[in-house]
Amino acid sequence: MLKHAALRWILRREPSWVGYATAVLGVAAATGVRWLAALWTSNSTNFPVFYPAVLVATLIGGLRAGLLALALSTFIIWWYWLPLLHSFPVDRPQFVSVFMFVTTAGMMVAVSQAMRAATRRALEAEDRFRQAHEGSLDGFVIMEPVRLTGGEVIDFRWTHANAAAESLSPRDAVPLVGRRLLEVFPDARESGLFQRYAEILRTGKPDKIEYKLRVDGVDCWRASSGVRIGDSVSLTFRDVTEIIEARRTLEARVAERTRALEESLEERARAEAALAQAQRVETLGRLTGGVAHDFNNLLTVIIGGLDMILRGPDKPERVARLAEAALAAGRRGERLTRQLLAFSRHREIKLEVHDVAAVLGVIEPMIRRAAGEIARLEIEIAPDAGSARFDSAQFEAALLNLVVNAAHATPLSGSIRVRVRRVQVRADQIAGLEPGRYLKVSVADTGAGIPPDVLKRVFEPFFTTKEIGQGSGLGLAQVQGFARQCGGVAAVESRIGEGTTVTLYLPAATGPARELTIPPISTPLDASRTKGETVLLVEDDEAVRALTESLLSECGYRVTTASDGPQALSMLRRGEVVSLLLSDVVMPGGMSGVDLAMSAAELMPKLPIVLMTGYAAGRLAELTPATDWPVLRKPFQVEELAAAVQEGQGGRATTGARV
C-alpha cells in the first residue's frame, strides 16, 4: 500500500516545484559526486554520474523536469570539465562527447516520460477498478489455487475480496484475503463449489450458475459468474435468496392456480356433459309419444300374428305369412331401439364416409315422429348429393335436434323442409369455412323467425329463449360442435314472420360410403358343423334363456344352463365339459358377464367365449384387445346366434375343455 501511495504521489498529473527541485538537487548531487571523483582520480569520466539525475528528475517531475536536469547537467559539464569548448575552433573529441551525452540523456528523458505516463495510466486504471469493485453491491473476489508438489489443486486462497464479498461471507471469516476456501466453507466439496472453481481454472471457460451454501447457519442462494485470470479464478456473485424464494413461491402459486383451473375446466366439462345428456333426454321425452305409437303398431302386428298362429296352427302357409310379418315388425322395433340408444348414450365421435340419402332413409321414421302431426315434413335430397364424412349417430342426433326445434317453432299447419345438396364454397363466402365442396343439409321452418339480437347468440352454450324447465340451451351448441368436429360449420338464417333455416356444412367425400346393412329374415342354416358340442348358456331372464336354449338345440348343440355368473363359474370349477361359454353381459348377483368371462378365461384359457347383450352401457369398455370376445346383440335370430358361436370358436369346432 505504501509503494502504491508513493507512486501515486510521484506520478501526479501536473508537474510542480517538487519536480524542478528534484532536477536541481539531482544535478547538484551529481556535480558533487563528480568533484569527489576528480579529487580521487584525474582520469574520471564526466557524464555517467549525471544520467541518474536526469532519470530521477524525469520520473518524478515529468518531461519538463527531465529536460531541466539535462540542460543543467550539460552546462555544468561544459563549463567545468570541457574548457576546450569555450572558444573556437572547439575541440572535436570533447564536442562529440557532449553531443553523445545530450543525445543519450535525451533518449532517456523520452523513454522515462513514456514509462511515467504508462505507469500513471496503469495506476489510474487500477484506481478505477478498485473503486468500482469496492463500491459495487456485488461481491468480487480473486482466488489463487493451492497446489501440491505435483501440481494437483487441493484448495483455493483469497487474494482479493471487496467489501460486498466480505459482507456476504461468514462473520468469523472476515477478512477473506489470505484465507482458504475449505477453511471458510468446509462443505465446498460436497456442494460442488470447489469442483466448479477447479473446472474454471482447468478449462478457462467462464460459467454462470446459481448455488446454495450455508452462511452463519442459514441457507443462502448466490448467483455467480466466474472466469480464469492467469493462474487465478475471478468470481462475481450476489445474494439472490429473496429472488429464489419469491420465484419458488410464484411457481407454487402458478402450479396451484393451474391445478385449480384444470379442476374448474374438468368440472365445467362434466357439467356440460351432464347438460348435453339432459338435452338428449329432453329430446327423447318429446319423442316419447311418437315412439310409443310406433311400438304399439309393431306390437299389434306381433301379438295379433302370434294370436292368429295359435288359433290356426294347422295352416302352414298362413302361419308362415303371419310369422314373417311378426318377424319383420320385430326387426323394425330393433332398429328403432338401436337408434334411440345411439342418440341417448355418450360416445366419442367416429368419422366415416356415409351416403346421406341412405342415412336419412334409415332415420326418416324417427324424424317424422319428431316433427309430429302439427307440421308437415318434406325431405328433398338432390340426386348428386353423394356422401360426406361424419359420425352417423351424431348426425342423427343433430338432425333430430334441428327438426325438434323447428317443430317447436312451427305453428299449426306449418311445414318443415329438410334439404340435402352438394355445394361449392368460395373463399370468405361462409365464416369459418375453408373453400371446397361441402354437403349442405338445411332444416327450414315456417315459424315466426328469430329477432336479430337473439339470432347472433343462438349457438352460445346454455342460451335459450324457452321457459325454465323447457330447454337447456345446448341443442344448437351441440349441432355447431358436431359440425366443427367434422370439419364444417353450422349457420343460421332467419327473418321475422318468414321462418328460420339452420344449415349444416359437412365436408363432401369421394370415397366409398359405409354400407348400412339390415340382417336378413332368414338364411340357410348348416347344423352339421356343431357335432353335438356343449354350450354353457348363462342368462338371468328365464324366457330369454329358454328361447336361446331352444335355438342352440336346433343348431345341434347340447346346452347346459345357468341363471347367473357365480352358478356358471361353480359349474366350470366342478369340471363340466363345455365347448363354449355364451353369457349375457348385464346380470344380477354382483357378477357381470364380462366378470364371468374374465374369470372363466383365467380358469380355462382355451375356452371360447361369446357375450350377448341388449344394452351393456359401459361394461363392454372393460374389454381389452386380449379379451376381445365376439358380442351378439339382442334381439337375434337363429342364424345370427349360430354365426356368433362359430365366430367364438374361431370358425372351427372344438372338442371341449375341462379344468
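The values are calculated or read from the model by the stated rules, or taken from the named source; none is laboratory data. On a predicted model such as this, the values are computed, not experimentally measured, just so you know. Quick reminder, even Gly has a Cβ in these numbers, built from the backbone with ideal geometry, and neighbours come from all protein chains shown. Surface areas here come from the heavy atoms of the whole protein model, side chains and all, with no ligands, DNA or RNA. Shrake-Rupley method; radii C 1.70, N 1.55, O 1.52, S 1.80 Å.
Of all residues in the range 217-237, those being surrounded by fewer than 15 Cβ atoms within 10 Å (Cβ to Cβ) and either on the phi > 0 side of the Ramachandran plot or at pLDDT below 85 (or both) number 4.
Checked against (1) open to solvent by 50 Å² or more (accessible area, probe 1.4 Å); (2) within 21 Å of residue 497 (Cβ to Cβ); (3) polar (S, T, N, Q), residue 415 passes all but a single condition, namely (1). The residues listed here are 117, 125; of these, the one that is part of a helix (DSSP H, G or I) and within 26 Å of residue 73 (Cα to Cα) is 117. Of everything listed in (1) modelled with pLDDT of 70 or more; (2) of a type outside the set (D, E, K, R); (3) closer than 21 Å to residue 419 by Cβ; (4) open to solvent by less than 60 Å² (accessible area, probe 1.4 Å), the single unmet condition for residue 372 is (1). The set of residues in the range 80-114 that are at pLDDT below 80, part of a helix (DSSP H, G or I) and surrounded by fewer than 16 Cβ atoms within 10 Å (Cβ to Cβ) comprises 80, 83, 84, 92, 93, 95, 96. How many residues does the range 384-443 contain that are more than 37 Å from the chain's Cα centre (by Cα), basic (Lys, Arg) and under 16 Å from residue 509 (Cβ atoms)? Result for the range 384-443: 2. In the set (1) surrounded by 14 or more Cβ atoms within 10 Å (Cβ to Cβ); (2) part of a helix (DSSP H, G or I); (3) modelled with pLDDT of 70 or more, residue 339 fails one condition alone, (3). Give the residue that is farthest from the chain's Cα centre (by Cα), with candidates limited to residues of the range 136-152 that are over 20 Å from residue 237 (Cβ atoms) and modelled with pLDDT of 85 or more. In this case the residue turns out to be 148. For residue 129, the criteria (1) open to solvent by 50 Å² or more (accessible area, probe 1.4 Å); (2) at positive phi hold in every case but one, which is (2).
Restricting the first residue to the range 488-505 and requiring it to be surrounded by fewer than 22 Cβ atoms within 10 Å (Cβ to Cβ), which pairs with a second residue that is among the acidic types (Asp, Glu) and assigned to a strand (DSSP E or B) meet a Cβ separation below 6 Å and a spacing of at least six or different chains? Pairs found: 501/493.
Residue 422: at negative phi, modelled with pLDDT under 85 and either crowded, with 22+ Cβ neighbours inside 10 Å or out of contact with any His (no Cβ under 8 Å at 6 or more places or on another chain) (or both), yes or no? Spelling it out, it is not the case that residue 422 is at negative phi, modelled with pLDDT under 85 and either crowded, with 22+ Cβ neighbours inside 10 Å or out of contact with any His (no Cβ under 8 Å at 6 or more places or on another chain) (or both). Using beta carbons and a limit of 9 Å, which pairs, at least six apart or on different chains, have the first residue in the range 591-602 and farther than 13 Å from residue 572 by Cβ and the second one basic (Lys, Arg) and assigned to a helix (DSSP H, G or I)? Filtered contacts from the range 591-602: 592/619; 593/619; 594/619; 595/619. Can you name every residue in the range 153-171 that is modelled with pLDDT under 80 and either basic (Lys, Arg) or under 15 Å from residue 200 (Cβ atoms) (or both)? Within the range 153-171, 171 is the sole residue that qualifies.
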